[in-house]
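Reading through the C-alpha coordinates given below for one structure.
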Amino acid sequence: MSFDSLNLASPIIKAINLCGYAAPTPIQEQAIPPAMAGKDLIASAQTGTGKTAAFVIPALERLQKPSTARGKGPRVLILTPTRELANQVTEAVRTYGRFMRLRHGAIVGGMPYFEQQRLLSQPVDIIIATPGRLIDHLESGRIDFSRVELLVLDEADRMLDMGFSEAVETITRATPEGRQTLLFTATWDNTMARLAQRLMKDPVRIAVAGKKATLEAIEQRLHAADDMQHKTRMLNHLIADSGMTRAIIFSSTKRNADQLARELHAQGHAAEALHGDMNQGARNRTIMNMRRGKVRLLVATDVAARGLDVPGITHVINYDLPKNAEDYVHRIGRTGRAGATGIAISFVSFRELDQLTRIERYIGQSLPQQVIAGLEPARPLRSSNSRSDRPGTSAYRGRPSASGANRYGQRTTSRDTYGTPTGRKPHSPGAYAGDRKRDAKSQGGWAGDYRKPQGDRRSRWA
Ligand code: AMP
(Lines give C-alpha, C1' and ligand atoms only; values in the text may rest on other atoms or scores of the structure.)
Protein backbone atom coordinates (compact mmCIF):
# COMPACT_ATOMS: atom_id res chain seq x y z
CA MET A 1 0.00 0.00 0.00
CA SER A 2 1.21 3.52 -0.73
CA PHE A 3 0.28 6.79 0.92
CA ASP A 4 -1.33 7.83 -2.38
CA SER A 5 -3.93 5.07 -2.07
CA LEU A 6 -5.08 6.52 1.28
CA ASN A 7 -6.68 9.46 -0.52
CA LEU A 8 -5.07 12.07 1.64
CA ALA A 9 -5.41 15.80 0.98
CA SER A 10 -2.54 17.23 -1.05
CA PRO A 11 -0.95 19.35 1.74
CA ILE A 12 -0.68 16.21 3.86
CA ILE A 13 0.74 14.05 1.07
CA LYS A 14 3.23 16.79 0.29
CA ALA A 15 4.39 16.86 3.93
CA ILE A 16 4.67 13.06 4.10
CA ASN A 17 6.71 13.00 0.89
CA LEU A 18 9.05 15.52 2.43
CA CYS A 19 9.60 13.09 5.33
CA GLY A 20 10.83 10.53 2.81
CA TYR A 21 8.51 7.74 3.99
CA ALA A 22 8.27 5.06 1.32
CA ALA A 23 4.97 3.57 2.48
CA PRO A 24 2.61 3.58 5.47
CA THR A 25 3.68 1.40 8.40
CA PRO A 26 1.27 -1.47 9.27
CA ILE A 27 -0.44 0.54 12.02
CA GLN A 28 -0.89 3.47 9.63
CA GLU A 29 -2.22 1.19 6.91
CA GLN A 30 -4.83 -0.25 9.24
CA ALA A 31 -5.73 2.76 11.36
CA ILE A 32 -5.89 5.63 8.88
CA PRO A 33 -8.81 4.40 6.67
CA PRO A 34 -11.32 3.69 9.52
CA ALA A 35 -10.20 6.79 11.39
CA MET A 36 -10.76 8.89 8.25
CA ALA A 37 -14.19 7.29 7.89
CA GLY A 38 -15.09 8.74 11.29
CA LYS A 39 -15.13 5.45 13.20
CA ASP A 40 -14.08 5.01 16.81
CA LEU A 41 -10.91 2.96 16.96
CA ILE A 42 -8.98 0.88 19.46
CA ALA A 43 -5.45 0.29 18.21
CA SER A 44 -2.83 -1.82 19.83
CA ALA A 45 0.52 -0.32 18.95
CA GLN A 46 3.90 0.06 20.53
CA THR A 47 6.02 3.13 20.31
CA GLY A 48 8.30 3.07 17.27
CA THR A 49 5.63 1.62 14.97
CA GLY A 50 4.62 4.98 13.48
CA LYS A 51 1.51 5.19 15.68
CA THR A 52 1.72 8.98 16.07
CA ALA A 53 1.21 9.58 12.36
CA ALA A 54 -1.60 6.98 12.46
CA PHE A 55 -3.74 9.41 14.45
CA VAL A 56 -2.21 12.78 13.48
CA ILE A 57 -2.86 12.21 9.75
CA PRO A 58 -6.64 11.49 10.18
CA ALA A 59 -6.82 14.47 12.55
CA LEU A 60 -5.32 16.73 9.90
CA GLU A 61 -7.64 15.28 7.27
CA ARG A 62 -10.60 16.23 9.44
CA LEU A 63 -9.30 19.79 9.70
CA GLN A 64 -9.38 20.18 5.91
CA LYS A 65 -13.06 21.09 6.30
CA PRO A 66 -13.92 24.19 8.31
CA SER A 67 -15.76 23.77 11.59
CA THR A 68 -19.47 24.50 11.66
CA ALA A 69 -19.51 24.83 15.45
CA ARG A 70 -19.16 28.18 17.16
CA GLY A 71 -16.57 28.86 19.85
CA LYS A 72 -12.82 28.83 20.09
CA GLY A 73 -12.05 25.54 21.80
CA PRO A 74 -10.00 22.81 20.09
CA ARG A 75 -11.49 20.66 17.32
CA VAL A 76 -8.99 17.88 18.00
CA LEU A 77 -7.88 16.97 21.50
CA ILE A 78 -4.97 14.57 21.99
CA LEU A 79 -4.21 13.29 25.50
CA THR A 80 -0.81 11.80 26.31
CA PRO A 81 0.59 10.53 29.62
CA THR A 82 3.82 12.56 29.67
CA ARG A 83 5.12 15.93 28.59
CA GLU A 84 7.79 14.30 26.45
CA LEU A 85 5.20 12.38 24.52
CA ALA A 86 3.07 15.53 24.18
CA ASN A 87 6.11 17.31 22.72
CA GLN A 88 6.69 14.48 20.29
CA VAL A 89 3.08 14.55 19.14
CA THR A 90 3.27 18.35 18.79
CA GLU A 91 6.33 17.90 16.61
CA ALA A 92 4.45 15.35 14.48
CA VAL A 93 1.53 17.79 14.05
CA ARG A 94 4.02 20.45 12.97
CA THR A 95 5.73 18.02 10.55
CA TYR A 96 2.66 16.55 8.85
CA GLY A 97 0.69 19.81 9.02
CA ARG A 98 3.47 22.06 7.75
CA PHE A 99 1.54 22.94 4.56
CA MET A 100 -1.70 23.69 6.39
CA ARG A 101 -2.81 26.79 8.24
CA LEU A 102 -3.10 25.34 11.72
CA ARG A 103 -3.32 26.68 15.22
CA HIS A 104 -2.10 24.09 17.65
CA GLY A 105 -0.22 23.84 20.90
CA ALA A 106 0.56 21.80 23.98
CA ILE A 107 -1.03 22.12 27.41
CA VAL A 108 1.37 20.32 29.73
CA GLY A 109 2.51 20.61 33.31
CA GLY A 110 5.73 22.44 34.16
CA MET A 111 5.10 25.20 31.62
CA PRO A 112 3.85 28.71 32.42
CA TYR A 113 0.06 29.09 32.58
CA PHE A 114 0.01 32.46 30.81
CA GLU A 115 1.33 31.03 27.51
CA GLN A 116 -1.31 28.32 27.62
CA GLN A 117 -4.00 30.88 28.40
CA ARG A 118 -2.86 32.87 25.37
CA LEU A 119 -3.12 29.74 23.24
CA LEU A 120 -6.67 29.16 24.48
CA SER A 121 -7.76 32.78 24.00
CA GLN A 122 -8.00 32.36 20.19
CA PRO A 123 -9.73 29.64 18.13
CA VAL A 124 -7.45 26.61 18.16
CA ASP A 125 -7.46 23.52 15.95
CA ILE A 126 -5.45 20.95 17.90
CA ILE A 127 -4.54 20.76 21.59
CA ILE A 128 -2.07 18.13 22.75
CA ALA A 129 -2.25 17.78 26.52
CA THR A 130 -1.31 15.84 29.60
CA PRO A 131 -4.47 15.18 31.66
CA GLY A 132 -3.39 16.91 34.91
CA ARG A 133 -2.78 20.37 33.47
CA LEU A 134 -5.78 20.11 31.16
CA ILE A 135 -8.00 19.43 34.16
CA ASP A 136 -6.65 22.62 35.79
CA HIS A 137 -7.73 24.65 32.76
CA LEU A 138 -11.06 22.82 32.57
CA GLU A 139 -11.87 23.44 36.23
CA SER A 140 -11.03 27.13 35.97
CA GLY A 141 -13.29 27.44 32.90
CA ARG A 142 -10.44 28.49 30.62
CA ILE A 143 -11.00 25.79 28.04
CA ASP A 144 -14.11 25.09 26.05
CA PHE A 145 -14.59 21.57 24.73
CA SER A 146 -17.83 22.19 22.84
CA ARG A 147 -16.07 22.09 19.45
CA VAL A 148 -14.18 18.82 20.03
CA GLU A 149 -14.80 16.53 17.05
CA LEU A 150 -11.95 14.10 17.63
CA LEU A 151 -10.48 12.87 20.89
CA VAL A 152 -7.28 10.79 20.85
CA LEU A 153 -6.05 8.87 23.88
CA ASP A 154 -2.41 8.09 23.17
CA GLU A 155 -0.71 5.41 25.31
CA ALA A 156 -3.99 5.02 27.20
CA ASP A 157 -2.61 2.12 29.27
CA ARG A 158 0.17 4.33 30.55
CA MET A 159 -2.29 7.09 31.41
CA LEU A 160 -4.27 4.66 33.54
CA ASP A 161 -1.11 3.32 35.17
CA MET A 162 -0.11 6.85 36.08
CA GLY A 163 -3.41 7.45 37.86
CA PHE A 164 -5.10 9.54 35.18
CA SER A 165 -8.20 7.39 34.72
CA GLU A 166 -10.55 9.78 36.52
CA ALA A 167 -9.00 12.79 34.79
CA VAL A 168 -9.41 11.09 31.40
CA GLU A 169 -13.07 10.35 32.13
CA THR A 170 -13.74 13.89 33.40
CA ILE A 171 -12.17 15.38 30.28
CA THR A 172 -14.01 12.98 27.98
CA ARG A 173 -17.36 13.69 29.64
CA ALA A 174 -16.79 17.41 29.02
CA THR A 175 -16.53 16.82 25.24
CA PRO A 176 -19.55 16.44 22.91
CA GLU A 177 -21.27 13.04 22.74
CA GLY A 178 -20.99 12.95 18.97
CA ARG A 179 -17.19 13.15 18.90
CA GLN A 180 -14.96 10.47 17.40
CA THR A 181 -12.60 8.69 19.82
CA LEU A 182 -9.33 6.96 18.93
CA LEU A 183 -7.60 4.95 21.64
CA PHE A 184 -3.99 3.77 21.29
CA THR A 185 -2.61 1.34 23.82
CA ALA A 186 0.22 -1.17 24.08
CA THR A 187 -1.62 -3.46 26.49
CA TRP A 188 -5.17 -4.51 27.13
CA ASP A 189 -6.88 -5.54 30.37
CA ASN A 190 -10.30 -5.34 32.02
CA THR A 191 -9.84 -1.79 33.27
CA MET A 192 -9.01 -0.67 29.77
CA ALA A 193 -11.95 -2.62 28.35
CA ARG A 194 -14.33 -0.91 30.80
CA LEU A 195 -12.92 2.50 29.95
CA ALA A 196 -13.30 1.82 26.23
CA GLN A 197 -16.87 0.63 26.78
CA ARG A 198 -17.77 3.86 28.61
CA LEU A 199 -16.06 6.22 26.17
CA MET A 200 -16.41 4.65 22.76
CA LYS A 201 -19.14 3.73 20.32
CA ASP A 202 -18.87 0.50 18.39
CA PRO A 203 -15.09 0.78 17.99
CA VAL A 204 -13.11 -0.87 15.22
CA ARG A 205 -10.27 -2.89 16.74
CA ILE A 206 -6.94 -3.25 15.13
CA ALA A 207 -3.86 -5.06 16.30
CA VAL A 208 -0.57 -4.76 14.53
CA ALA A 209 2.58 -6.76 15.14
CA GLY A 210 3.44 -6.04 18.72
CA LYS A 211 6.59 -5.56 20.61
CA LYS A 212 8.30 -8.68 19.31
CA ALA A 213 8.29 -7.29 15.79
CA THR A 214 9.30 -3.88 17.10
CA LEU A 215 12.19 -5.48 18.96
CA GLU A 216 13.45 -7.45 16.01
CA ALA A 217 15.69 -4.62 14.88
CA ILE A 218 17.32 -4.43 18.31
CA GLU A 219 20.14 -6.68 19.43
CA GLN A 220 19.57 -7.31 23.12
CA ARG A 221 22.02 -8.70 25.65
CA LEU A 222 22.81 -8.63 29.32
CA HIS A 223 25.91 -8.44 31.47
CA ALA A 224 25.85 -9.86 34.98
CA ALA A 225 26.96 -7.25 37.50
CA ASP A 226 28.32 -7.82 41.00
CA ASP A 227 27.55 -4.32 42.26
CA MET A 228 27.40 -0.66 41.23
CA GLN A 229 31.19 -0.38 40.91
CA HIS A 230 31.20 -3.34 38.55
CA LYS A 231 28.39 -1.74 36.52
CA THR A 232 30.37 1.51 36.28
CA ARG A 233 33.52 -0.33 35.13
CA MET A 234 31.53 -2.14 32.43
CA LEU A 235 29.91 1.12 31.39
CA ASN A 236 33.30 2.81 31.05
CA HIS A 237 34.44 -0.06 28.86
CA LEU A 238 31.35 0.09 26.62
CA ILE A 239 31.30 3.85 26.11
CA ALA A 240 34.91 3.77 24.93
CA ASP A 241 33.55 2.12 21.76
CA SER A 242 33.55 4.67 18.96
CA GLY A 243 30.65 2.80 17.33
CA MET A 244 28.45 4.16 20.10
CA THR A 245 27.38 7.34 18.38
CA ARG A 246 24.52 8.23 20.68
CA ALA A 247 23.41 6.32 23.73
CA ILE A 248 20.81 6.55 26.44
CA ILE A 249 21.86 5.13 29.79
CA PHE A 250 18.88 4.40 31.99
CA SER A 251 19.18 4.72 35.72
CA SER A 252 16.42 3.91 38.20
CA THR A 253 16.74 7.05 40.33
CA LYS A 254 17.07 10.73 39.57
CA ARG A 255 19.95 11.05 42.01
CA ASN A 256 21.94 8.27 40.38
CA ALA A 257 21.21 9.71 36.93
CA ASP A 258 22.60 13.08 38.01
CA GLN A 259 25.62 11.52 39.66
CA LEU A 260 26.44 9.26 36.74
CA ALA A 261 26.07 12.11 34.24
CA ARG A 262 28.39 14.26 36.39
CA GLU A 263 30.99 11.46 36.57
CA LEU A 264 30.88 10.84 32.82
CA HIS A 265 31.12 14.57 32.15
CA ALA A 266 34.13 14.82 34.47
CA GLN A 267 35.80 12.02 32.47
CA GLY A 268 35.45 14.17 29.35
CA HIS A 269 32.35 12.58 27.81
CA ALA A 270 29.57 14.69 26.28
CA ALA A 271 27.06 13.51 28.87
CA GLU A 272 23.93 15.06 30.37
CA ALA A 273 21.16 13.90 32.69
CA LEU A 274 17.43 13.87 31.92
CA HIS A 275 14.86 13.27 34.64
CA GLY A 276 11.59 14.47 36.11
CA ASP A 277 13.13 16.86 38.65
CA MET A 278 14.42 19.08 35.86
CA ASN A 279 12.11 21.84 34.68
CA GLN A 280 10.63 21.48 31.22
CA GLY A 281 12.91 24.09 29.68
CA ALA A 282 16.01 22.24 30.88
CA ARG A 283 14.59 18.91 29.67
CA ASN A 284 13.84 20.34 26.23
CA ARG A 285 17.34 21.86 26.00
CA THR A 286 18.95 18.53 26.85
CA ILE A 287 16.88 16.67 24.23
CA MET A 288 17.71 19.35 21.67
CA ASN A 289 21.43 19.02 22.52
CA MET A 290 21.18 15.31 21.89
CA ARG A 291 19.38 15.84 18.59
CA ARG A 292 22.11 18.27 17.52
CA GLY A 293 24.83 15.79 18.45
CA LYS A 294 26.16 17.92 21.31
CA VAL A 295 25.27 15.18 23.80
CA ARG A 296 26.51 11.65 23.14
CA LEU A 297 25.52 10.02 26.42
CA LEU A 298 22.16 10.81 27.96
CA VAL A 299 21.69 9.46 31.47
CA ALA A 300 17.95 9.26 31.98
CA THR A 301 15.23 7.96 34.24
CA ASP A 302 12.10 6.39 32.77
CA VAL A 303 10.58 9.79 32.15
CA ALA A 304 12.70 9.81 28.98
CA ALA A 305 11.59 6.35 27.92
CA ARG A 306 8.30 7.57 26.56
CA GLY A 307 8.01 9.85 23.64
CA LEU A 308 11.70 10.57 23.25
CA ASP A 309 12.32 10.38 19.53
CA VAL A 310 15.93 11.24 18.81
CA PRO A 311 17.13 9.79 15.53
CA GLY A 312 20.35 7.82 15.45
CA ILE A 313 20.44 6.40 18.97
CA THR A 314 22.78 3.44 18.49
CA HIS A 315 22.71 2.05 22.03
CA VAL A 316 20.43 1.85 25.03
CA ILE A 317 22.15 0.78 28.24
CA ASN A 318 20.09 -0.25 31.23
CA TYR A 319 22.45 0.63 34.04
CA ASP A 320 19.57 -0.49 36.25
CA LEU A 321 16.71 -2.65 35.06
CA PRO A 322 13.27 -1.04 35.12
CA LYS A 323 10.78 -2.30 37.72
CA ASN A 324 8.06 -2.53 35.12
CA ALA A 325 8.55 -4.97 32.23
CA GLU A 326 6.69 -2.69 29.82
CA ASP A 327 9.18 0.07 30.56
CA TYR A 328 11.97 -2.22 29.34
CA VAL A 329 10.32 -2.34 25.92
CA HIS A 330 9.79 1.40 25.92
CA ARG A 331 13.37 2.06 26.99
CA ILE A 332 15.00 -0.09 24.36
CA GLY A 333 12.56 1.20 21.74
CA ARG A 334 14.53 4.47 21.81
CA THR A 335 17.00 2.70 19.52
CA GLY A 336 16.27 0.71 16.37
CA ARG A 337 13.65 3.27 15.33
CA ALA A 338 12.17 3.73 11.89
CA GLY A 339 14.08 0.98 10.16
CA ALA A 340 17.45 1.48 11.88
CA THR A 341 19.13 -1.22 13.97
CA GLY A 342 20.18 -0.76 17.57
CA ILE A 343 21.85 -2.42 20.54
CA ALA A 344 20.30 -2.73 23.98
CA ILE A 345 22.56 -3.79 26.85
CA SER A 346 21.29 -4.46 30.37
CA PHE A 347 23.41 -4.69 33.50
CA VAL A 348 21.77 -7.14 35.87
CA SER A 349 22.72 -7.68 39.50
CA PHE A 350 21.40 -10.49 41.70
CA ARG A 351 19.00 -8.06 43.27
CA GLU A 352 17.44 -7.47 39.84
CA LEU A 353 16.83 -11.11 38.92
CA ASP A 354 13.12 -10.86 39.63
CA GLN A 355 12.88 -7.89 37.31
CA LEU A 356 14.83 -9.79 34.65
CA THR A 357 12.44 -12.74 34.93
CA ARG A 358 9.43 -10.46 34.49
CA ILE A 359 11.01 -8.73 31.49
CA GLU A 360 11.96 -11.99 29.79
CA ARG A 361 8.48 -13.37 30.33
CA TYR A 362 6.95 -10.16 28.97
CA ILE A 363 9.05 -10.06 25.81
CA GLY A 364 8.85 -13.84 25.44
CA GLN A 365 12.56 -14.40 25.08
CA SER A 366 15.66 -14.88 27.21
CA LEU A 367 18.29 -12.20 27.03
CA PRO A 368 21.63 -13.71 26.03
CA GLN A 369 24.38 -13.09 28.53
CA GLN A 370 27.78 -11.75 27.51
CA VAL A 371 30.96 -11.23 29.44
CA ILE A 372 33.54 -8.51 28.91
CA ALA A 373 37.08 -9.93 29.06
CA GLY A 374 38.76 -8.71 32.22
CA LEU A 375 35.43 -7.62 33.73
CA GLU A 376 33.92 -11.02 34.42
CA PRO A 377 31.40 -11.18 37.27
CA ALA A 378 32.61 -12.78 40.50
CA ARG A 379 29.79 -15.35 40.36
CA PRO A 380 27.39 -16.45 37.61
CA LEU A 381 24.04 -14.70 37.49
CA ARG A 382 22.06 -17.87 36.85
CA SER A 383 22.77 -21.47 37.50
CA SER A 384 23.95 -23.35 34.42
CA ASN A 385 20.70 -25.29 33.91
CA SER A 386 18.72 -22.07 33.81
CA ARG A 387 20.04 -21.28 30.34
CA SER A 388 17.81 -23.98 28.94
CA ASP A 389 14.72 -22.61 30.68
CA ARG A 390 12.53 -20.57 28.49
CA PRO A 391 9.66 -18.21 29.24
CA GLY A 392 6.46 -20.08 29.77
CA THR A 393 7.87 -23.04 31.69
CA SER A 394 6.92 -23.32 35.31
CA ALA A 395 10.57 -23.27 36.36
CA TYR A 396 10.95 -20.06 34.47
CA ARG A 397 8.17 -18.44 36.40
CA GLY A 398 10.42 -18.41 39.42
CA ARG A 399 8.09 -20.28 41.73
CA PRO A 400 9.30 -20.47 45.30
CA SER A 401 10.83 -23.78 46.31
CA ALA A 402 10.35 -25.52 49.63
CA SER A 403 13.46 -23.75 50.88
CA GLY A 404 11.75 -20.41 50.43
CA ALA A 405 14.01 -19.52 47.54
CA ASN A 406 13.17 -19.54 43.87
CA ARG A 407 15.22 -21.42 41.31
CA TYR A 408 17.75 -18.62 41.11
CA GLY A 409 18.47 -19.13 44.77
CA GLN A 410 16.68 -15.91 45.61
CA ARG A 411 14.65 -15.47 48.72
CA THR A 412 10.97 -15.02 48.02
CA THR A 413 10.49 -12.05 50.31
CA SER A 414 11.60 -8.83 48.69
CA ARG A 415 14.41 -6.73 50.03
CA ASP A 416 14.97 -3.03 49.90
CA THR A 417 18.01 -1.58 48.18
CA TYR A 418 20.17 -2.38 51.20
CA GLY A 419 19.14 -6.01 51.17
CA THR A 420 16.84 -5.70 54.17
CA PRO A 421 13.73 -7.89 53.90
CA THR A 422 10.68 -5.68 53.47
CA GLY A 423 8.14 -8.35 54.34
CA ARG A 424 6.39 -7.77 51.04
CA LYS A 425 6.11 -10.39 48.39
CA PRO A 426 8.20 -9.77 45.32
CA HIS A 427 6.20 -8.19 42.47
CA SER A 428 3.62 -6.86 44.92
CA PRO A 429 2.40 -3.59 43.40
CA GLY A 430 2.62 -2.03 46.84
CA ALA A 431 6.36 -2.53 46.71
CA TYR A 432 6.63 0.33 44.29
CA ALA A 433 3.24 1.99 44.29
CA GLY A 434 4.70 4.97 46.11
CA ASP A 435 7.34 5.48 43.44
CA ARG A 436 4.77 5.39 40.68
CA LYS A 437 2.60 7.90 42.50
CA ARG A 438 5.54 10.23 42.93
CA ASP A 439 6.47 9.79 39.28
CA ALA A 440 2.99 10.76 38.16
CA LYS A 441 3.29 13.90 40.28
CA SER A 442 6.80 14.72 39.15
CA GLN A 443 5.59 14.62 35.56
CA GLY A 444 2.92 17.16 36.23
CA GLY A 445 0.63 14.22 36.76
CA TRP A 446 -2.51 13.94 38.77
CA ALA A 447 -2.08 11.03 41.07
CA GLY A 448 -5.36 11.52 42.92
CA ASP A 449 -6.96 8.36 41.64
CA TYR A 450 -3.77 6.37 41.49
CA ARG A 451 -4.49 2.91 40.24
CA LYS A 452 -2.16 0.14 41.18
CA PRO A 453 0.27 -0.75 38.42
CA GLN A 454 -0.85 -3.79 36.54
CA GLY A 455 2.61 -5.08 35.71
CA ASP A 456 2.56 -8.38 33.93
CA ARG A 457 -1.06 -9.14 34.74
CA ARG A 458 -2.00 -7.40 31.53
CA SER A 459 -2.07 -9.54 28.48
CA ARG A 460 -0.54 -8.26 25.33
CA TRP A 461 -3.46 -7.50 23.15
CA ALA A 462 -1.73 -7.81 19.83
P1 AMP B 1 6.13 6.58 16.57
O2 AMP B 1 5.81 5.13 16.70
O3 AMP B 1 4.95 7.40 16.24
O4 AMP B 1 6.88 7.08 17.78
O5 AMP B 1 7.12 6.76 15.31
C6 AMP B 1 8.41 6.25 15.26
C7 AMP B 1 9.25 6.85 14.14
O8 AMP B 1 8.79 6.36 12.88
C9 AMP B 1 9.24 8.38 14.03
O10 AMP B 1 10.56 8.81 14.01
C11 AMP B 1 8.56 8.68 12.72
O12 AMP B 1 9.12 9.80 12.09
C13 AMP B 1 8.83 7.42 11.91
N14 AMP B 1 7.78 7.11 10.91
C15 AMP B 1 6.45 7.34 11.01
N16 AMP B 1 5.80 6.88 9.93
C17 AMP B 1 6.74 6.35 9.10
C18 AMP B 1 6.68 5.71 7.82
N19 AMP B 1 5.52 5.53 7.16
N20 AMP B 1 7.85 5.28 7.29
C21 AMP B 1 9.02 5.45 7.94
N22 AMP B 1 9.15 6.04 9.15
C23 AMP B 1 8.02 6.48 9.73
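The values are calculated or read from the model by the stated rules, or taken from the named source; none is laboratory data. It should be emphasised that the depicted structure is a prediction, and the values quoted were computed from it without experimental measurement. With ideal geometry, Cβ positions are generated from the backbone for all residues, glycine too; neighbour counts draw on all protein chains shown. Just the protein is used for accessible areas: all its heavy atoms, side chains included, with ligands, DNA and RNA removed. Shrake-Rupley method; radii C 1.70, N 1.55, O 1.52, S 1.80 Å.
Odds and ends about this structure:
- Taking θ as phi - 60° and the Karplus parameters 6.51, -1.76 and 1.60, the scalar couplings of the range 46-63 work out to 7, 5, x, 9, x, 5, 4, 5, 5, 10, 5, 5, x, 5, 5, 4, 4, 7 Hz in sequence order, x denoting glycine and proline.
- For the range 37-43, putting each phi into the Karplus relation 6.51 cos²θ - 1.76 cosθ + 1.60 with θ = phi - 60° gives couplings of 7, x, 7, 6, 9, 10, 10 Hz, in residue order, rounded to whole numbers and with x for Gly and Pro.
- Computed in the context of the full set of protein chains, the accessible area of the range 167-297 at 1.4 Å probe radius has 47% of its extent on carbon or sulfur.
- Probe 1.4 Å, accessible area per residue of the range 201-303, Å²: 47
- Fully extending the segment from His265 to Glu177, taken as 0.36 nm per residue of separation minus the present Cα-Cα distance, adds 26.4 nm.
- Relative contact order for the range 3-208, counting Cα pairs under 8 Å that sit 6 or more residues apart, in percent: 30
- Near Arg205, the amide H atoms lying under 5 Å from its own belong to Ile42; only residues 5 or more places off or on other chains count, and H is placed 1.01 Å from N.
- Extension gain for Ala193 to Gln369 (0.36 nm times residue separation, less C-alpha to C-alpha distance): 59.6 nm.
- Shape category assigned to the range 56-122 from the gyration tensor of Cα positions, a/c cut at 1.5: oblate
- Under the combined filter of DSSP loop state and at most 13 neighbouring Cβ atoms within 10 Å, the range 156-249 retains these GluC sites (Glu not before Pro): Glu177, Glu216.
- Rounded Å value of the spacing that divides the Cα centres of the range 258-297 and the range 15-73: 33
- Inter-site label distance for Glu139 and Lys294 at 7 Å from Cα along Cβ, in nm: 3.8
- Sparsely packed loop sites in the range 36-93 (the trypsin sites (Lys or Arg not before Pro) outside DSSP H, G, I, E and B with at most 11 other Cβ atoms within 10 Å) comprise Arg70.
- Here the spin labels are modelled as points 7 Å beyond Cα on the Cα-Cβ line, and at Lys65 and Asn284 they lie 3.4 nm apart.
- Extension gain (nm, one decimal) between Ala217 and Glu166, 0.36 nm per residue minus Cα-Cα: 14.7 nm
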